[in-house]
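Encoded as structure tokens, the structure appears first; notes follow it.
The values are calculated or read from the model by the stated rules, or taken from the named source; none is laboratory data. This is a predicted model, so every value here is computed, not measured. When we count neighbours, we look across all protein chains shown, and the Cβ atoms used for this are built from the backbone with ideal geometry, even at glycine.
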Amino acid sequence: MKTNAFPPALLVQTLQAAQTYLTSLTERRPFPDAAAQQALQGFDEDLPQSETPDETIVAQLAEIGSRAAVAIGGGRYFGFVMGGCLPAALAAHWLAGTWDQNAFNEVTSPLAHRLETVTSRWLLDVLDLPRTATVGYVAGAAMANLTALTVARSALMARCGWNFRRQGMQGAPALRVLLGAEAHPVVTRALSLLGFGTEEWQTLPVDDQGRIDPTRLPALDDRTLLGLQAGNVNSGAFDPFAEICAKAQAAGAWVHVDGAFGLWARASRKKRALTHGIAMADSWACDAHKWLNVPYDSAFYACRDGAAVADAFDIEAPYLLRQPDRRAAIATMDMSRRARAIEIWAALKSLGRDGVEDLVDRCCRLARRFADRLAAAGFDILNDVVLNQVVVGWGDGTNIDALVRQVQAEGTCWLGPTHWQGRKAFRLSISSWASTDDDIDRSADALIATAQTLSTKEP
Ligand SMILES: *Cc1c(COP(=O)(O)O)cnc(C)c1O
């Protein structure tokens, strides 16, 4: 029988397993080899009838899990746009798990509530967004975009004298949705979830970097919901906010910005100009688990109009009536939720303003370094490397899939394929505090060597 006290030995065992994993990170393969993946079958057991000792649980996770974990926390994982995990953020994550707080509001956790209040202020400060904006914490940028767009929908309808919550969809005033052709699929999905069919919105033409062309922007009005992007998932490009936001503001349109990772460019004096005018928007979605390097399942959105947030999300329940701060607590669709602000606070405090800037600048510098190495070896760099993203072409593209597979199998680094401007390509995202010049050089060497073996083979 298990006792109701936490066994101290379990903590030591867990700490040791974590330590073994973390110290392996600099040298381990970014992606598990076939044997480690095969060993995952060890989890395919029937649900046990009786108790399993806790030390067996941790031992099984340490043995099978640690071997097969994808080392996104190492320095040579460049797939998707991921981001590692800062030591302080991981430590905070352990404590947060230990505390098991429900961040719903001040009554369920004064601790979580205070840290959310502080990090909201810090985030608006470091990203230089309107300091009075309302901030809500969610699982990822997919949810951050959906949450912000939910607010936008009811706010735009309210301007037409329509109370969405009371009057609903049927007969609601028609809104216009404008979206860049390179909008992320989570944004287009969010819009269709919100009742805007894919045939209803208008796609705005983009240039060769994926930026909306402001000269081809249609006339805007106060029923327009305009979705912009800070940081294209392939190229890292930014829409021209200043020009577009000025027009939108004059017309009374709602501007929402998907800045999942690109919003962090605001923390860098070198990169900030890319975001010029972005603070004129109405709402912003941003990940913490990508470029801020906190553990997964962490993002936030900000909305200029706090009253619109309350209109969309406030709920009433008998047991809520005496909440001291009901409105601020309900900025998202969740009720019970994890105290994500604990790790965000730790990351921001550990880095400070200068450290966030360094993190952004270092990743951008390493992206440039990677691109230069590959260009010198005959690869085509297909994007302007303005941020931390590099899109790479190779020959006519027919061997890209084979190259990507072999690079992944070789195991020095991990990257994935993509399509860019009608070409097959692969993509590098440098988004981790752990990546070093040496990681970039080793990865470039491995990639170039793999490409050479492929191109000397008979087709
Ligand atoms: C990653 C990303 C998303 C989706 O974010 P999740 O955190 O995976 O939900 C949306 N937009 C952009 C631009 C992204 O890079």
Quiz item: In the stretch 258-297, what residues are away from the ligand (no atom under 14 Å from the Cβ), surrounded by fewer than 24 Cβ atoms within 10 Å (Cβ to Cβ) and assigned to a loop (DSSP other than H, G, I, E, B)?
Solution: S268, R269, K270, K271, H276, G277
Quiz item: Only one of (1) over 14 Å from the mean Cα position of the chain (by Cα); (2) farther than 15 Å from L129 by Cα fails for A279. Which number is that?
Solution: (2)
Quiz prompt | Residues (of a type outside the set (G, A, S) and surrounded by 13 or more Cβ atoms within 10 Å (Cβ to Cβ)) located in the stretch 44-62 | solution = D54, E55, I57, V58, Q60, L61
Quiz prompt | Residue in the stretch 231-244 that is nearest to the ligand (Cβ to nearest atom), counting only those that are outside any loop (DSSP other than H, G, I, E, B) and either crowded, with 23+ Cβ neighbours inside 10 Å or under 24 Å from the mean Cα position of the chain (by Cα) (or both) | solution = F238
Quiz item: Going through the stretch 384-399 one residue at a time, which ones are within 17 Å of C363 (Cα to Cα) and not in a strand (DSSP E or B)?
Solution: D384, V385, V386, L387, N388
Practice problem: Check every one of the helices (runs of 4 or more DSSP H) wholly within the stretch 127-209 and list those with 2 or more residues that are surrounded by 18 or more Cβ atoms within 10 Å (Cβ to Cβ) and within 16 Å of the ligand (Cβ to nearest atom). | Solution: 141-159, 185-193
Self-check item: Residues that are surrounded by 15 or more Cβ atoms within 10 Å (Cβ to Cβ) and out of contact with any Asp or Glu (no Cβ under 9 Å at 6 or more places or on another chain), drawn from the stretch 30-43
Solution: P30, F31, P32, A36
Quiz item: Do we find a residue being within 23 Å of R365 (Cα to Cα) and in contact (Cβ under 8 Å) with a residue 60 or more places away in the chain anywhere in the stretch 246-254?
Solution: no
Quiz item: Would you say A310 is at pLDDT below 95 and small (G, A, S)?
Solution: yes
Quiz item: Take the residues of the stretch 348-383 that are out of contact with any helix residue (DSSP H, G or I) (no Cβ under 7 Å at 6 or more places or on another chain) and not in a helix (DSSP H, G or I): which is surrounded by the fewest Cβ atoms within 10 Å (Cβ to Cβ)?
Solution: G378
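Condition test on L115, is it under 26 Å from W291 (Cβ atoms), more than 16 Å from the ligand (Cβ to nearest atom) and over 20 Å from the mean Cα position of the chain (by Cα)? Steps first, answer last, please.
Values: under 26 Å from W291 (Cβ atoms): yes; more than 16 Å from the ligand (Cβ to nearest atom): yes; over 20 Å from the mean Cα position of the chain (by Cα): yes.
Yes, satisfied.
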Practice problem: Determine whether the stretch 317-338 contains at least one residue that is modelled with pLDDT under 95 and aromatic (F, W, Y). | Solution: yes
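Looking only at the stretch 415-432, which residues are buried (at least 23 other Cβ atoms within 10 Å of the Cβ) and either without any contact (Cβ under 8 Å) to a residue 24 or more places away in the chain or under 12 Å from R76 (Cα atoms) (or both)?
L415, L428, S429, I430, S431, S432
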Practice problem: Scan the stretch 245-257 and give yes if some residue there is in contact with a His (Cβ under 7 Å, 6 or more places away or on another chain), within 14 Å of the ligand (Cβ to nearest atom) and assigned to a strand (DSSP E or B), otherwise no. | Solution: no
Quiz prompt | Qualifying positions in the stretch 413-459 - in a helix (DSSP H, G or I) and among the charged types (D, E, K, R) | solution = D437, D438, D439, D441, R442, D445
